[in-house]
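Trainee: After the structure tokens below, expect a handful of questions from me.
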Number of protein chains: 2
Amino acid sequence: MKKNTSLEKRKTFRHGDLRNALVTAGLEMARAGGPNAVILREATRQAGVAPNAAYRHFAGQAELLDAVRAACLSRVAAAIEDEMKKNKAGRNPQAFARKSLHAVGMGYLGFAMREPGMFRTAFSVPPPVHSPDPAHTASMGLNPFQLLSLALDRMQESGLLNRKDRKGAEYLAWSTVHGLALLALEGPLHKMPREMVLALGERLVVMVERGLS
Amino acid sequence: MKKNTSLEKRKTFRHGDLRNALVTAGLEMARAGGPNAVILREATRQAGVAPNAAYRHFAGQAELLDAVRAACLSRVAAAIEDEMKKNKAGRNPQAFARKSLHAVGMGYLGFAMREPGMFRTAFSVPPPVHSPDPAHTASMGLNPFQLLSLALDRMQESGLLNRKDRKGAEYLAWSTVHGLALLALEGPLHKMPREMVLALGERLVVMVERGLS
DNA sequence: GGGCAATTGTGGACAGTGTTCACTTTTCGG
DNA sequence: CCGAAAAGTGAACACTGTCCACAATTGCCC
């Protein structure tokens, strides 16, 4: 299967891997300019193919965007996992639980600062939340939401959170970091330096940890 | 000044209030479909005017959208003010401070649920945060950010918040409600019923109140 | 008042977008 | 091996934002 990634004019009539090529091109556009920048015709151009060819693989631009978004979500999950891998479960479960929650929050925010376009794309349009769809997940097989749930479970199991407060805590924790990320990316805080945003993020995660229980 | 609001074919060559008509039309489009739905040509159509006429009042679509966003922000501020007016300063400053913070958060969220399109438009593109621009404000002359600051000041003055924790608290509090609003509007939580979102909002505000100090 | 310039609108055009239809080329399975 | 399904092409349409030259209107200044 020839990975006809870019311009090199193919001699074969078939492309071989068009769908993937389109998603890749779209991903690059999303990275550079967010969801609004993922243009169908441009993707076909980069793949060296006629605009209509895209319709053999996607029902329309919206569906292409959907695929690109899934890819972006996967990157977010990977970033969180990387952050979580930095600390292993030691003999203190409470400390581990706290570190996990911290890693989720900061991994999320860190990715948002590093890859604004992808981040904005990942959350631009409603994806289902409970989906074992492998496209949304990273190596661990969990999407960002599930990674957060995992961290909160650790909080509960280690006694930092009682059952009542645990319920729906995902949404509360998620709201905070997501809100800061968007305020910093496309909201009134977009001129705030990244380091300051991340510093605010630290305070935010602490606030969540204290406020949840 | 003839408020040539809509289709009724004017007989005068001049429109009389085109700029306003365009913003109004744009506002309605934003209300119905968010920022991406505010189309310049459509606005001119509704105003009964040639597309190019818009360029006498706005440098381009982006500038029209800017005006529409300012109008939306003003609505957000108005919603918060309405919520704040529901409780007056009694003899217990701490209770008043708490109620103020609560009102800001829930007024914000409530508007987001009631007018998703306008809300999304209001925060779609970076507006400056510290701006006494009257277009961004409601009757009280404060924008949402300033209203939040006011509520937090009351928290500090009544002894619920020390000076150190007060610093930057706006951003922390704002992040939480903004995040929930966006998750519920165009994020993974978009299918969650409004009442449940608002219930989560209540918990969120409580969490902020507890977590800030 | 009368004329002239700035303002505000018009008409026509261009490039770029998503999308559809009819058609051609290639692949692959019975 | 051949015929149907898959995958790409070409031309067209409607829509968008934007620019140009030009026409109507207003209002200001002498």
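The values are calculated or read from the model by the stated rules, or taken from the named source; none is laboratory data. The model shown is predicted, which means the values in this text are computed figures rather than measured ones. Here the Cβ positions follow ideal geometry from the backbone for every residue, glycine too, while neighbour counts run over all protein chains shown. The area values use the complete protein model at the heavy-atom level, side chains included, leaving out ligands, DNA and RNA. Shrake-Rupley method; radii C 1.70, N 1.55, O 1.52, S 1.80 Å.
Trainee: Condition first: more than 7 Å from every other protein chain (Cβ to nearest Cβ) and touching an Asp or Glu at 6+ places or on another chain (Cβ under 7 Å). Now tell me which residues in the stretch A:204-213 satisfy that.
Mentor: The one that is more than 7 Å from every other protein chain (Cβ to nearest Cβ) and touching an Asp or Glu at 6+ places or on another chain (Cβ under 7 Å): A:Ser213.
Trainee: Still on this structure, please answer the following. Could you run through the stretch A:170-203 and say how many residues are within 7 Å of chain B (Cβ to nearest Cβ), farther than 18 Å from A:Phe145 by Cβ and either open to solvent by 10 Å² or more (accessible area, probe 1.4 Å) or in a helix (DSSP H, G or I) (or both)?
Mentor: So the answer is 6.
Trainee: Considering only the stretch B:34-75, state which residues are more than 8 Å from DNA strand D (Cβ to nearest atom), in contact (Cβ under 8 Å) with a residue 12 or more places away in the chain, within 13 Å of another protein chain (Cβ to nearest Cβ) and not hydrophobic (A, V, I, L, M, F, W, C).
Mentor: Correct list: B:Gly34, B:Pro35, B:Arg69.
Trainee: Say we look at the stretch B:48-61 and pick out the residues that are part of a helix (DSSP H, G or I) and open to solvent by 70 Å² or more (accessible area, probe 1.4 Å); which of these is farthest from DNA strand C (Cβ to nearest atom)?
Mentor: Per the criteria, the residue is B:Gln61.
Trainee: Quick test for you: out of A:Arg31, A:Arg10, A:Arg45, pick the one residue that is outside the structural domain of A:His102 (by TED's automatic domain parsing), within 12 Å of DNA strand C (Cβ to nearest atom) and at pLDDT 95 or above.
Mentor: Of the residues listed, the single one that is outside the structural domain of A:His102 (by TED's automatic domain parsing), within 12 Å of DNA strand C (Cβ to nearest atom) and at pLDDT 95 or above is A:Arg45.
Trainee: Considering A:Ala97, A:Ala78, A:Ala89, A:Ala103, which residue is over 14 Å from the mean Cα position of the chain (by Cα), surrounded by fewer than 19 Cβ atoms within 10 Å (Cβ to Cβ) and either of a type in the set (Gly, Ala, Ser) or away from DNA strand D (no atom under 16 Å from the Cβ) (or both)?
Mentor: Only one candidate passes the filter, namely A:Ala89.
Trainee: When residues of the stretch B:13-28 are filtered for being within 11 Å of DNA strand D (Cβ to nearest atom) and at pLDDT below 95, how many remain?
Mentor: 4
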